[in-house]
Each structure stands twice: as C-alpha cells, then as structure tokens.
Amino acid sequence: LLHKSMARDPKESCQKTLERMRMLFGDGQKREKGKKLSRDEILANVPSASILGADGTALDASKSNAEVWKAASTLCLGTHKLSVSCNIPTVTSITPPSTMTVGVPAVCGNIAIMFCKEEELDIEWRCEGQGVVSTNRVYFPQSAQVGKGMTFRCKPKAPNAMWTEVALPTVLEPTTIAAAMPRWEHTKQRANASDTNAFRVVTYNILHDRFCTSNFAKTKLYPFAKPEILSMNYRKGTIATELKAYNSDIILLQECGQDIYNSYYVHALRAMGYTSKHFNKAGQTKEGSVIAFNHQRFEVVDGDAVPLIYSTLKKDHPMLAAELDKHPHAKEGMDNMTAMCAIAVLKDKLDPTRLLIVASTHLFYHPDGCHIRALQAYMLASALDNIRTKHEKDGRSVHILVGGDFNFTRITGAYELLTSGKVAAERDCWDKGFRFWWGCHHGLGEGGEEEIVEEATVVDNAEAGESTSPVPAVNTRKPPTEVFRFDLSLPNNLSFVDTHRNEPTLKFTNYGMTFKEVIDHIFIGRPVAGSTASESLEVVRTIPLPDEDELSRDVAIPNATYASDHVALVADLTFKKL
C-alpha cells in the first residue's frame with residue numbers, strides 16, 4: 001500500500017506529478033555501496049504511469065496539472081488502474097460542542113466543507129449502545145444518554161464522499177443551565193392557545209461575548225461572576241434554553257455576535273421552528289440584532305437595516321441634518337454612531353392581507369447622549385412609517401412592532417417622542433448636549449464636584465466594555481457652549497404604546513452592580529389618521545419579570561441562570577377589529 005499526500009502547483013507539468021508518484025515504488029530499492037541511486041536510475045526500474053480520459057485515451061501529461069486532472073478518469077500505475085475523481089465534496093473540520101447537557105440544544109458548529117453546501121450533508125448523532133439518535137443539524141440530548149459516549153459525523157451526499165467523525169463530551173444531567181425559571185410557568189402554552197390571532201414577542205439583549213470576556217469586563221463590570229459563567233460556551237446554551245421556554249412567535253435579539261450567530265444561534269433557532277436573520281451594526285463592530293419568527297405563523301416579504309447615523313439623517317432628513325451641522329459636537333457624535341434598526345416585514349399566514357413591520361434596535365449607550373437617542377428614535381420611527389406607507393398602498397392592514405435595548409428610561413425625551421409622537425425643543429434631553437462630545441467621560445473629582453476627563457480610549461459601550469477609536473489621552477477639548485435643540489414630531493401623527501406600561505413587576509430590565517433601570521422596551525404603533533388598517537395591535541398580557549432575589553443572589557447578573565446583564569421582555573399581542 002502506497003500513500004502520499006501531494007499538493008502540487010496547478011501550473012506545474014502533470015508529468016512531474018506522475019514522476020513523483022512513480023518514485024514511491026523506488027523507496028525499497030537497494031542502493032549501491034556508498035552511493036545513492038539517481039532519480040533517473042530509480043525511474044528506469046519502476047512501473048510506468050499515465051492518465052486516461054473518460055474515453056480511455058491517454059491524456060497529454062506535458063500539460064499542466066490543472067488541465068489534465070480535471071479531464072482525468074483513470075490513473076494507470078504499471079498494471080494497476082485507479083479511478084480518478086475531481087473535487088470530491090469533503091468535510092475538512094468540525095467544531096464539537098464543549099458540553100452536552102440534557103435539554104440544551106447541541107450544535108456542531110463551524111463545519112468546514114469543500115465543493116458542496118452545508119444543506120447537502122448527511123448528518124448523524126450517534127450514542128453508545130443506541131446507534132443513530134438523530135439526523136438533524138441540532139440535537140437535544142435526552143436523559144437516557146446521561147453518562148454515555150456520543151459521536152457526531154457527517155458526509156456530503158455525493159458519490160465517493162467519506163464520513164468525518166468527531167467524539168462528543170459525555171452527556172450531563174440538567175443543571176442550572178437547563179433549570180426552569182419561575183416565569184416560564186406563564187409561557188408553557190403558546191399565545192394563540194385561546195386566541196388564534198394572538199402571538200408572543202420576546203426582546204432580549206443577550207450580551208455580546210466580547211463585552212463580558214475582556215479583562216475590563218471581568219475586573220470592573222462583572223467581578224462577581226465566575227469565568228465559566230461568562231464563557232460563551234456556557235451562556236449560549238442557557239440563552240437558547242431560555243428562548244425555547246418562552247414559546248414565542250417573534251424573537252428580537254440585541255448584542256448578538258456575528259460569529260456565534262453563524263456557528264450556533266442560526267441552527268438552534270431553526271431547530272426550534274424559527275427563520276432568522278442577523279443584521280450587523282454599522283462600521284466594523286461584529287455584533288448586532290437578530291429577528292427570528294415562527295415560520296408556521298409568519299413569512300417574510302421585505303426587510304432592511306437602517307443605520308441610525310449622520311449619513312442616514314442627511315439623506316432622509318436634510319433639513320434636520322442642516323440644523324445639526326451648526327453644532328459640531330453633536331454632529332461628530334452622530335457621525336461616529338454604529339447603532340442601526342433591523343427591520344423585517346412579516347405576512348401573517350392566518351390573514352395574508354395583514355402585515356407586521358417588526359424592528360429590533362439598540363440605541364447609543366452614553367448617559368449624556370439623550371439628545372443623540374432622541375434623534376435616533378426619530379429616525380427609527382420615520383423609517384418604520386415610510387415602510388408602513390409603502391405597504392398600505394396595496395390595501396393591506398399594516399402594523400408596527402419594535403423592541404430592543406433603547407438605553408433610555410421612561411422619563412426621557414426619546415421615550416416621550418415615541419409614546420406621544422413629539423418632543424419639544426425646551427425638553428431637558430437636549431441640555432445633555434452641554435455635557436457630551438465624542439470621547440468624553442464624566443467622573444467625580446477628589447472634592448466631590450463633577451469634573452470632565454478624557455480617557456485614552458473611547459468606550460462605545462461602557463457597560464459592556466466595547467472600545468472603539470483612540471482619542472488623545474489629555475483633554476484638549478472644551479464642552480459645548482451651545483447645544484442642538486429641535487421640536488420633533490413623528491410623521492403622520494405616529495405614536496407608540498409601551499406594552500409593559502402597566503406591568504407591576506417591571507422595575508428594571510438591566511441589572512448590573514451599579515446600574516439597575518428599565519431601558520429595554522417593546523412598542524406597538526397606534527393606528528394613524530388616514531390609515532387603511534381595519535385592525536389595531538393590542539396587548540393581551542405581559543409576562544412577569546424575575547424577582548430581584550433571583551437576580552441579586554450573586555450581586556448582579558450574569559449568573560448561573562440569567563446569562564446576560566439584561567432580562568428578556570415578553571408580551572402577548574393580538575389583532576383586534578377597529
């Protein structure tokens with residue numbers, strides 16, 4: 001048996017490749033005393049080599065490897081004839097899950113394949129003593145597999161393709177990673193169990209993995225959390241298990257990393273019955289929003305991502321941008337934003353004339369960026385209304401639903417803008433512009449009075465520890481002496497209802513060591529004047545939030561049960577005739 005792995009230059013003469021093969025037959029030949037046999041002497045005493053095409057005629061070996069091997073059908077080595085296959089679909093690597101826990105979706109991520117697509121794979125999850133237990137991309141380990149060895153293997157469906165197999169960790173008993181949260185008692189049944197028009201929506205900032213694994217995050221933001229709790233290998237399973245338990249129809253995620261979405265969440269969500277899409281933030285940030293929906297209830301008919309940045313303001317609202325241009329500090333802030341709004345237009349399969357515009361967003365974080373968030377909320381709402389107007393031209397009933405981490409509380413100008421449809425130039429949210437410029441950081445001086453300092457690194461997400469562009473270490477800039485103000489009104493008298501406005505357990509959606517507030521929201525659009533909608537979107541109920549005892553047992557979250565520093569908001573909604 002001869003074995004040789006050869007990576008040859010495609011431009012090289014095929015004759016040289018054949019000679020390399022023939023030389024293998026000469027490895028066992030005796031050499032003369034004190035002298036090695038020359039290459040020509042070896043080749044003179046080994047079997048010949050030639051390549052035949054599909055019609056059995058010899059191919060010209062003086063041509064390049066690239067040309068000859070693509071046309072090859074048979075390799076002749078002496079009396080041996082070997083079939084030749086070109087570009088056989090092959091699995092080159094698989095990343096197995098680091099843990100296997102009963103009830104937690106397991107995904108073998110990052111399957112690297114050559115010459116075929118992932119959907120063209122045969123997949124097998126095998127268990128010791130049980131054989132093949134699943135042929136799906138995602139597997140939910142069962143109690144009967146606890147303590148047993150498992151393997152995952154896959155191969156392309158093409159002829160001559162071979163299986164690639166990896167050993168999996170031993171299946172573990174359910175731990176806190178799969179332990180039920182008390183609030184899951186309210187989501188055992190789907191929203192449409194008693195009202196066929198009802199559906200459930202979840203919005204959840206799941207905490208980007210880079211934001212909780214940096215040294216800054218471990219020592220300053222989450223020093224109370226054990227390293228294994230902050231590990232994405234642990235958190236992704238906890239989050240997926242939580243999402244599954246909500247039995248929702250629409251899922252809106254923020255701070256979802258692009259890589260972890262591609263390797264894990266897209267597969268886990270599909271296994272749960274969701275079609276999903278990841279929308280990356282503007283700029284180089286590798287995280288963003290995900291919109292997922294129950295494909296038995298909805299189908300997507302349109303979608304977009306709207307960057308909530310200065311260029312969008314200038315394109316869509318030139319008069320407003322012209323006013324902002326008069327205030328360099330505010331304009332610079334908008335110019336450096338990465339926030340965006342992910343949008344999907346869904347058709348309800350129960351009623352094809354009914355459309356639901358669904359959006360997921362994550363607005364600017366800075367505590368003194370209230371004026372920035374007011375502008376972003378205005379841009380967001382205007383974009384959603386443009387899409388509503390576009391689709392209402394077809395005579396459909398169009399509704400708006402938006403959820404996310406808005407980074408504003410209920411007493412701010414941006415919240416007032418969305419819920420009432422307007423915010424005045426005299427509102428105090430604009431005054432925050434006196435305290436904000438790109439790269440600023442506010443702290444307390446030794447005397448207890450506030451001082452303004454500028455750090456060597458801009459922190460684009462202070463809670464998360466995301467750093468962006470460097471700025472001078474020494475403060476050479478002065479605070480603004482004038483601020484941008486504007487009377488903002490949403491188009492077509494649009495305004496929104498806060499789904500959780502009457503939820504008594506809603507005390508915070510972000511629960512950190514030093515910051516605990518309601519900054520995540522779900523909003524539904526009120527019917528607007530002149531709309532063709534024959535229905536309105538109404539709140540059926542909201543799912544209670546966790547007790548503070550659950551969140552504070554390790555000081556704050558993340559902890560073993562709650563995998564993010566935010567908690568999910570869950571609401572049941574329905575369509576009602578006007």
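The values are calculated or read from the model by the stated rules, or taken from the named source; none is laboratory data. What you are looking at is a predicted structure, and each value in this text was computed from that prediction instead of being measured. Every residue, glycine among them, receives a Cβ derived from its backbone with ideal geometry; neighbour counts consider all protein chains shown. With ligands, DNA and RNA removed, areas are computed over all heavy atoms of the protein, side chains included. Shrake-Rupley method; radii C 1.70, N 1.55, O 1.52, S 1.80 Å.
Within the stretch 99-138, the set of residues being assigned to a loop (DSSP other than H, G, I, E, B), open to solvent by 60 Å² or more (accessible area, probe 1.4 Å) and within 24 Å of Arg235 (Cβ to Cβ) comprises Thr99, Asn136. When Pro97, Pro159 are screened for being in contact with a Cys (Cβ under 7 Å, 6 or more places away or on another chain) and not aliphatic (A, V, I, L, M), only Pro97 passes. Between a residue in the stretch 215-233 that is within 13 Å of Ala563 (Cβ to Cβ) and any residue that is open to solvent by 90 Å² or more (accessible area, probe 1.4 Å) and at pLDDT 90 or above, which pairs come within a Cβ distance under 9 Å, given they are 6 or more apart or on different chains? Partner pairs satisfying both residue conditions: Ala225/Lys218; Leu230/Lys218.
Scanning the stretch 4-49 for residues that are at pLDDT below 85 and within 19 Å of Ala71 (Cα to Cα) yields Met6, Ala7. Among the helices (runs of 4 or more DSSP H) confined to the stretch 164-256, the ones with at least 3 residues that are open to solvent by 10 Å² or more (accessible area, probe 1.4 Å), at pLDDT 90 or above and out of contact with any Lys or Arg (no Cβ under 9 Å at 6 or more places or on another chain) are located at 232-245. Across the stretch 537-564, the number of residues qualifying as open to solvent by 10 Å² or more (accessible area, probe 1.4 Å) and either of a type in the set (Gly, Ala, Ser) or touching a Cys at 6+ places or on another chain (Cβ under 9 Å) (or both) comes to 2. With respect to (1) open to solvent by less than 20 Å² (accessible area, probe 1.4 Å); (2) of a type in the set (Ser, Thr, Tyr); (3) closer than 22 Å to Thr561 by Cβ, the lone exception for Thr285 is condition (3). In the stretch 86-98, the residue that is modelled with the lowest pLDDT out of those that are open to solvent by 60 Å² or more (accessible area, probe 1.4 Å), closer than 30 Å to Ala54 by Cα and polar (S, T, N, Q) is Asn87. Those helices (runs of 4 or more DSSP H) of the stretch 298-409 in which 3 or more residues are closer than 20 Å to Thr532 by Cβ and at pLDDT 95 or above occupy 370-392. Scanning the stretch 397-425 for residues that are in contact (Cβ under 8 Å) with a residue 40 or more places away in the chain and surrounded by fewer than 20 Cβ atoms within 10 Å (Cβ to Cβ) yields Thr409, Arg410, Thr419, Ser420, Gly421, Lys422, Ala424, Ala425.
Determine whether Pro141 is outside any strand (DSSP E or B), open to solvent by 40 Å² or more (accessible area, probe 1.4 Å) and in contact (Cβ under 8 Å) with a residue 24 or more places away in the chain.
Working: outside any strand (DSSP E or B): yes; open to solvent by 40 Å² or more (accessible area, probe 1.4 Å): no; in contact (Cβ under 8 Å) with a residue 24 or more places away in the chain: yes.
No.
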